[in-house]
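J.: Before I ask anything, let me first share the structure, which is written out below as structure tokens.
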Amino acid sequence: MRLDLTIINGTLVDEHGSRVVDLGVSGGRVAQVAMAGSLPSDPTTEVIDAKGLWVLPGFVDPHVHCRAPDHPEREDFASGTAAAAAAGITTILEMPIADVGVSRPAILEARRALAERDAYVDFGLYGACGSLDPETIHGLARAGACAFKIFTLNVPPARRASFEGITITREDDLYRALSIVAETGLVCAVHAENDALLQIGRERAQRLQLTGADAFLSAHPQAAEAMAVAWVAILAEATGARVHLVHMTSAWALDFVRLAKRRGVALSAETCPHYLLFDEETARTYGRWAKIAPPMRSAADRDALWAALDDGTLDILASDHAPFLPHEKELEDILAIPSGLPNLEAFTPLMLSAAHDGRLAMSKMVGLMSARPARLYGLYPRKGTLQPGSDADLVLYDPHLSSVIDTTTWHSRSRGSAKIFHGLPYRGRITRTIVRGRTVYQDGQLLGSRGWGQMVRPEPVRP
Ligand SMILES: [Zn+2]
């Protein structure tokens, strides 16, 4: 077979460990993974000598908000996927929040057209199952939804249209939605905070006239998360749906995830870099700039998250890249400030650096950001791994360089809101990102073209 590209002498690091290999690419896919020095060379083959570099499978980030079409000033598919490319993320799964929410097939198709026009990396699109209508939910699956998303809480009036069909606060409604999702074989991702307990938290913050971080920490009590995780786990078991809990933050909630897993429930869970790197002290220091939901918790919770990544209670890592512009974070009333941070360009550098520092084995860290999310979302082995037949999505990484996060160079349009990351040192650097055999990012430069990204469709798992 004629090879278009070979990457020689690189150290392939994946979930299984590391070895020095030559990698041959043909037609955008991995054709061969061979012992270093053994691939035939042909004058027409492009050769990248990766001696001294690591070759990593392209990362799969299943929790990204792009903001198109309603808020392109925050981010759109072009800027969001450019940020992903710079972070070695070759596939994003995009959340269904947009004006209006992706709760009907026609909205998903319009979203797909936008992403196909603008994306630099591959993408999947979530649908929402809050309509509780079987025809609509199956229609979303047929239209190519990569998964479903539900919030177990109500959102402020200003964001209601964007969340149309994405929120379910009643247990019986969630039972109905998960029963239909189970028939599709797709995953349902759930933002788990109990709406009634959030309301009590907000009332408490107002009654005590709390300000700054104390107000939003109070407005998102740990009990709200643990309560929602417990009932979501029960409903996952009752319906047989494959349920994924996004952004876990606390030891309390993790105990319910463990219990469900022991019972054999098809429940998975993720956490995000900000919960692993920071805690409520950061929330207090940065106030509005650290306002996310759920909020950062105690140092003990942070340590419990690291332990849960190691013992398998947490299945994957995701960014929860949620861009808002600085002026949107500067509202007077801190409880009215939208929750979320842009972080794609901090996520992978800081997580790989943490592995360098010994927080987790490097092979495990790489797997948590590649093979594991690809498997969970039915994209493996096309994505998340470098084996013959897989898409040639890969990252070249120089483990010897070190640097500091400089948010002024980010591709994200909301870079000005990423204050908690600015100036953080990290070890190792992503030097090149390749999507289906084509370089889309190299040494700080975006080299890909808009529209190169293709939609990925999962392999459903039916019971
Ligand atoms: Zn999110």
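Since every read-out is calculated from the coordinates, none of them should be taken as a lab result. Small disclaimer: the values here were computed from a predicted structure and weren't measured. In this analysis, Cβ positions are derived from the backbone assuming ideal geometry, glycine residues included, and neighbour counts consider all displayed protein chains.
J.: Can you tell me the 0 to 90 degree angle between the C-alpha axis of helix 77-86 and the longest principal axis of the chain, rounded to 10?
T.: Result, in degrees: 60.
J.: Shifting gears a bit: List the relative contact order of the chain as a percent without decimals, with contacts defined as Cα pairs under 8 Å and 6+ residues apart. Before the final figure, lay out the partial values.
T.: Values: 1163 pairs, mean separation 97.0, N = 463.
Here the relative contact order equals 21 percent.
J.: Separate question: For the stretch 59-376, would you read off the P(r) tail past 29 Å as a percentage of all alpha carbon pairs?
T.: Tail fraction, whole percent: 31.
J.: Can you give me the angle between helix 344-356 and the longest principal axis of the chain, using Cα atoms only, in degrees from 0 to 90, rounded to the nearest 10?
T.: Helix 344-356 sits roughly 70 degrees off the main axis of the chain.
J.: I need the peptides 242-255, 396-409 ranked by packing, meaning the mean over residues of other C-beta atoms within 10 angstrom, with the highest value on top. List each step's numbers first, then the result.
T.: Numbers: 242-255: 23.9, 396-409: 14.9.
Top of the packing list down: 242-255, 396-409.
J.: Taking the Cα atoms of the stretch 293-400, what is the range of coordinates along each of the three principal axes, in descending order and whole Å?
T.: Principal axes ranked by extent give 54, 32, 30 Å for the Cα atoms.
J.: Mind putting together the pair-distance distribution for the stretch 380-420? All Cα pairs, 10 Å bins, whole percent per bin, short to long.
T.: 23, 24, 32, 20, 1
J.: So, counting K/R as plus one and D/E as minus one, what does the shell of residues with Cβ under 15 Å around Gly287 add up to?
T.: Values: positive: Arg284, Arg288, Lys291, Lys329, Lys419; negative: Asp214, Asp279, Glu280, Glu281, Glu328, Glu330, Glu332, Asp333.
Result for the neighbourhood of Gly287: -3.
J.: I've got another one for you. 7 Å from Cα along Cα→Cβ at both Arg159 and Ala113: what's the point-to-point distance in nm?
T.: In this crude spin-label approximation the distance works out to 2.8 nm.
J.: Tell me the angle of helix 195-207 to the major Cα principal axis of the chain, expressed in degrees between 0 and 90 and rounded to the nearest ten.
T.: Approximately 70 degrees, to the nearest ten.
J.: Moving on to the next point. Just need the relative contact order of the stretch 366-463 here, percent rounded to a whole number, with Cα pairs under 8 Å and 6+ apart.
T.: Relative CO of the stretch 366-463 lands at 25 percent.
J.: Give me the net charge for the shell around Thr431: Cβ to Cβ below 10 angstrom, other residues only, Lys and Arg +1, Asp and Glu -1.
T.: Net of charged neighbours comes to 0.
J.: Grab the other residues whose beta carbon is less than 15 angstrom from that of His356, score K and R as +1, D and E as -1, and report the net.
T.: Local charge sum for His356: +2.
J.: Sticking with this one: My understanding is that a pair violates if its Cα-Cα distance is over 31 Å; which of Lys51/Lys419; Lys149/Lys329; Lys329/Lys364 do that in this structure?
T.: Violating the 31 Å Cα-Cα cut-off are Lys51/Lys419; Lys329/Lys364.
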